[in-house]
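Contents: one structure, followed by commentary.
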Amino acid sequence: MPQYAIMRFAKQKGGAGALESHHERTKVKYASNPDINIERSKYNFHIVKPETSYKRESDNRIEAAGCNTRKDSVRFVDTLITASPDFFKGKKRDEVRAYFKTAVAFLAQKIGRGNIFAAVVHMDEKTPHLHLCFTPITKDGRLSAKEIIGNRTQLTKWQDDFFAHMVKAYPDLERGESASETGRRHIPTRVFKQAVRLTKQAARITNVLDGINPLNASKKRDEALALLKRFFPGMEDFEKQVRKCKREIKALETDNATLKSETNELEKQVEAGKKVNIAKQIAENNLHIEYDNLRRFVDTLPEEIKRQIRQPQQTQNQQR
């Protein structure tokens with residue numbers, strides 16, 4: 001099985017109470033995450049131990065640098081670092097520690113060691129992983145997560161650099177094909193939204209079709225046809241977009257399997273009323289599942305109905 005080096009960023013704007021509680025294991029019980037074995041929490045360890053609370057740690061650095069801030073400023077960045085589960089099989093505690101120390105050294109070089117205020121390794125879940133928190137302060141003393149983490153192109157560069165750094169010490173690691181190597185594009189947000197919209201439409205059409213009986217057959221049939229006339233153009237466009245993004249969606253399938261195995265607890269974690277970015281990513285990675293479900297829905301529709309819908313559309317296309 002391929003062994004991947006994994007790094008993910010999640011920007012944090014508000015208080016850090018829930019996040020800190022999770023990272024530092026301050027609770028006695030974690031009902032929302034059954035993967036945490038509290039009896040093994042004693043094996044967790046710090047590479048960078050915070051001297052005080054996460055909020056105070058980030059605030060102190062921001063004040064010391066004299067940074068200007070806004071209400072919506074990103075105060076710190078929570079970084080998840082791990083590897084594919086197979087990578088850790090058979091590795092002793094010291095070997096696991098060495099892997100994460102190598103990763104911390106990479107981040108210290110990129111963002112400045114002084115900006116890192118917490119780095120804790122969790123050994124009490126299925127796969128060892130590191131949570132590292134840093135204040136995104138630039139070399140000239142500005143608070144700017146946008147500049148440090150960057151846009152999608154810069155994020156690809158982050159991943160390339162991270163892999164290049166880690167593979168020197170761990171030659172068996174692999175790097176998923178990057179955009180710079182394959183021309184892989186970002187899947188537009190509208191494609192994800194389109195999948196959600198079509199799924200809702202399909203559910204509504206199914207309810208109408210299921211509700212047909214001898215007394216309402218004519219009315220329900222007309223209602224279903226009207227809904228399908230709106231559904232099919234969107235579905236055809238969605239299929240085109242999926243074909244265009246085939247490589248990207250395949251990569252998301254791989255990412256999804258890996259992310260779920262290493263970071264299940266983050267799906268449950270809530271900070272300032274919002275799920276962390278990685279949970280959103282996992283949801284987005286299910287795009288291929290949504291597509292398969294929609295295709296199955298189309299396949300179950302009676303051929304007679306599909307012909308009725310498609311015939312006028314084909315005639316319109318020929319007249320253009």
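Just so you know, all these numbers are worked out from the coordinates, no wet-lab data involved. Here the structure is a predicted model, which means the values were calculated and not measured. All Cβ positions, glycine included, derive from the backbone under ideal geometry; neighbour counts span all protein chains shown.
Suppose the chain between Arg175 and Lys89 were pulled fully straight at 0.36 nm per residue; how much longer would it get relative to their current alpha carbon spacing?
29.1 nm
Taking a threshold of 20 Å on the Cα-Cα distance, which of the pairs Lys193/Lys240; Lys49/Lys91; Lys42/Lys126; Lys11/Lys126; Lys27/Lys89 fall above it?
Numbers: Lys193/Lys240 15 Å; Lys49/Lys91 23 Å; Lys42/Lys126 15 Å; Lys11/Lys126 25 Å; Lys27/Lys89 28 Å.
From the list (Lys193/Lys240; Lys49/Lys91; Lys42/Lys126; Lys11/Lys126; Lys27/Lys89), the Cα-Cα distance tops 20 Å for Lys49/Lys91; Lys11/Lys126; Lys27/Lys89.
Please list, in order along the range 90-101, the HN-Hα scalar couplings obtained from phi with the Karplus expression 6.51 cos²θ - 1.76 cosθ + 1.60 (θ = phi - 60°), rounded to whole Hz, x for Gly and Pro.
x, 7, 7, 4, 5, 6, 5, 4, 4, 4, 6, 5
Quick one: Karplus J couplings for the range 108-113, per residue in order, coefficients 6.51, -1.76, 1.60, θ = phi - 60°, nearest Hz, x for Gly and Pro?
4, 5, 7, 10, x, 4
Between Lys42 and Thr138, what is the FRET efficiency for a Förster distance of 41 Å, r being their Cβ-Cβ separation, to the nearest 0.05?
The value I calculate is 0.60.
Could you sort the peptides 289-295, 6-12 by per-residue average Cβ neighbour count (10 Å cutoff), highest mean leading?
6-12, 289-295
Cα extents of the range 5-182 along the three principal axes, largest first, in whole Å?
47, 46, 25
Which of the peptides 59-68, 212-221, 155-164 is most tightly packed, and how do the rest follow, going by the mean number of other Cβ atoms within 10 Å of each residue?
Per-residue Cβ counts within 10 Å, averaged per peptide and sorted highest first, yield 155-164, 59-68, 212-221.
Taking amide hydrogens as modeled 1.01 Å from N in the peptide plane, which residues meet the under 5 Å criterion relative to Gln3, leaving out close sequence neighbours?
Glu174
Can you tally the net charge around Ile62? Count Lys and Arg as +1, Asp and Glu as -1, for every other residue whose Cβ sits under 11 Å from the Cβ of Ile62. Write down the numbers at each step before the final one.
Numbers: positive: Lys55, Arg56, Arg61, Arg75, Arg142; negative: Glu57, Asp59, Glu63.
My count for the surroundings of Ile62 gives +2.
What distance in nm separates the two pseudo spin-label positions at Asp299 and Leu225, each 7 Å out from Cα along the beta-carbon direction?
2.7
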